[in-house]
Amino acid sequence: MLTLSMNNEQYVLNQTDDHRQRVLQAAAKTVRVWFIKVRKMKAVYHTLNLCNIDVTQKCLIAEVWCPVSDMDSIQFALRRGTEKSDSTVPSILNRMQCKQTPPTYNKTNKFTSGFQNIVDAYGIGNYREINPAPYTIITFPFLFAVMFGDMGHGTLMTCVALYLVLRESRLMAQKPDNEIFSMLFAGRYIILLMGLFSMYTGTIYNECFSKSINVFGSGWSVRPMFDTLRGNKDLQLDPAINGVFTGPYPIGIDPLWSLATNKLTFLNSFKMKMSVILGVIHMLFGITLGLFNYLYFKKPLNIYLGFLPEIVFMASLFGYLVILIFYKWVAYNASISKDAPSLLIAFINMFLFKYNDPTNQPLYRGQMVVQSLLVVIALACIPCMLIVKTLVLRRQYLWRKNLVRGISGDRKLWRDQGGQRFNFGDVAVHQAIHTIEFCLGCISNTASYLRLWALSLAHAQLSEVLWSMVMHIGLSTVGFGGFIMLTFTFVFFAVLTVAILLLMEGLSAFLHALRLHWVEFQNKFYVGQGFKFLPFTFESILDGNFEE
């Protein structure tokens, strides 16, 4: 009897375990759905708790921010919600006016979101402040490509980005946990444009894995140089020799420069001047964008005593330097280039009002008068920004204050209406800091764009060193052993190319391009002290990013 009872108990326990196992297995299939539903319900009730109850206690009142373009879709969603819930109280949507500063919302898509994230990493723009992201779509990959110009490396980068773009739907569905891959996937369109622009600048530099491509035929003829070499085996291209230069190469730099020993001297001068030109144009464009902010927010004082002195100061000094670069290229040919004065010394003498330097002759007639006038104009812009603007602000404050007192006759009305006390010292210090920062920044920012020249030369030299020390060894070996050697050297060359030139150099050029946009470009017009519009979305809640 005891044995039968124990068997029945064991049978019941086994049946219970089996039943519990089946229940848990069935629950495991739907636990993900339950998890999503619970998080959605929790988010909905949390949002409802933020609403206010009206006096009748029959409906909720919510004050929210929403894009004006989505008002119709929100109204339609409320109408559908009323119909599905069989509510007797209709949903009412009213647009209200308030004095609070709205959040900033920039509508993006999968192509523009990466560039907007670059701007937002610097700071969220103020409401209605001009957004640098549309211009960054072009300027960012272009400045990157100036430092990373190589047709071969740009092609490899473009192929990687195209793979991510063409298979984006499948890769998004997989949701990989690798943080580095997720970061690269998020910036796939940025990488695509950087690769395409690198192919373009590589065409201009005529560099493909450090080698030049001769498509249209070189415009140099070394035959007339044989008489002048006199046993010297070094090939130095000198356009001053008659008959050596027959015409420019149609696209980019002539391929024969890759064989010349004075190649670095030529590219140094070319890329350094190009960096200054690009930098000054980029900064002048940034100052000009600030004008649209002043026009929209109706700040005429900032236009006349902010934008105009800044653009005149920048154009009088560094805009003039760009004009001198183009003038020197046009005015001096190969035969008289040795007598051409130095632009650096001329620019330094311009600030020192030194025009009797025997080692550096003037570039053109009347240079002393023009440069002296430009320096005086630039110096006159400094007190306009430093002193005049502060005095005008103080005068406007006193005029408004006296106007209110004169109309009401009450000295307390100004304070009651929210009029703030004008602190002349604080305004003067703030304006002095801004003026000093801008004037000194024009010099340091222009010099900062020389990183375009430095990193471009560094990338080219690394490519050349990698080719000569690795790939050249495999190509110079003959026979069957040469084939084996070429195979190993090619694999080694490919690994070093990807690891050093694509990843390390690419990341370096990316960070430098990022710095040029944040520090040298955006600080000319972009404040970035707003706060971002965070809509209620189930997608961000389920991803765990809603709190951010």
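The values are calculated or read from the model by the stated rules, or taken from the named source; none is laboratory data. What you are looking at is a predicted structure, and each value in this text was computed from that prediction instead of being measured. All Cβ positions, even for glycine, are placed from backbone atoms using ideal geometry, and neighbour counts span all protein chains on display.
Of all the criteria given as (1) assigned to a helix (DSSP H, G or I); (2) crowded, with 18+ Cβ neighbours inside 10 Å, the one not satisfied by V160 is (2).
Scanning region 340-382 for residues that are under 33 Å from the mean Cα position of the chain (by Cα), assigned by TED's automatic domain parsing to the domain that holds F307 and in contact (Cβ under 8 Å) with a residue 12 or more places away in the chain gives L374, V375, I377, A378, C381, I382. Contact map, region 210-225: first residue in a loop (DSSP other than H, G, I, E, B), second residue among the hydrophobic types (A, V, I, L, M, F, W, C), Cβ cut-off under 6 Å, separation 6 or more or different chains; pairs are S210/W467; S218/L256; S221/V244. If you scan region 517-539, which residues turn out to be assigned to a helix (DSSP H, G or I) and in contact with a Gly (Cβ under 8 Å, 6 or more places away or on another chain)? The answer is E520, F521, Q522, N523, K524.
Here G544 fits the description: out of contact with any Pro (no Cβ under 8 Å at 6 or more places or on another chain) and modelled with pLDDT under 80.
Would you confirm, using the coordinates I've provided, whether S335 is exposed (fewer than 13 other Cβ atoms within 10 Å of the Cβ) and either at pLDDT 90 or above or of a type in the set (S, T, Y) (or both)?
Values: exposed (fewer than 13 other Cβ atoms within 10 Å of the Cβ): yes; either at pLDDT 90 or above or of a type in the set (S, T, Y) (or both): yes.
Considered against the rule, which asks whether it is exposed (fewer than 13 other Cβ atoms within 10 Å of the Cβ) and either at pLDDT 90 or above or of a type in the set (S, T, Y) (or both), S335 comes out as yes.
Residue-wise test of (1) within 30 Å of I311 (Cα to Cα); (2) surrounded by 17 or more Cβ atoms within 10 Å (Cβ to Cβ).
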| residue | (1), (2) |
| --- | --- |
| Q461 | no, no |
| M471 | no, yes |
| G474 | no, yes |
| A499 | no, no |
| H512 | yes, yes |
| N523 | yes, yes |
| V527 | yes, no |
| I541 | no, yes |
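For R223, the conditions (1) at pLDDT below 85; (2) of a type outside the set (F, W, Y); (3) within 24 Å of the chain's Cα centre (by Cα) are fulfilled apart from (3).
Among the conditions (1) touching a helix residue (DSSP H, G or I) at 6+ places or on another chain (Cβ under 7 Å); (2) outside any helix (DSSP H, G or I); (3) touching a residue at least 60 places away in the same chain (Cβ under 8 Å); (4) of a type in the set (G, A, S), G252 misses just one, which is (3).
Looking at region 443-453, can you tell me whether even one residue there is surrounded by 16 or more Cβ atoms within 10 Å (Cβ to Cβ) and among the aromatic types (F, W, Y)? Yes, region 443-453 contains a residue that is surrounded by 16 or more Cβ atoms within 10 Å (Cβ to Cβ) and among the aromatic types (F, W, Y).
Reported count of residues in region 309-339, each being without any contact (Cβ under 8 Å) to a residue 24 or more places away in the chain and aliphatic (A, V, I, L, M), is 3.
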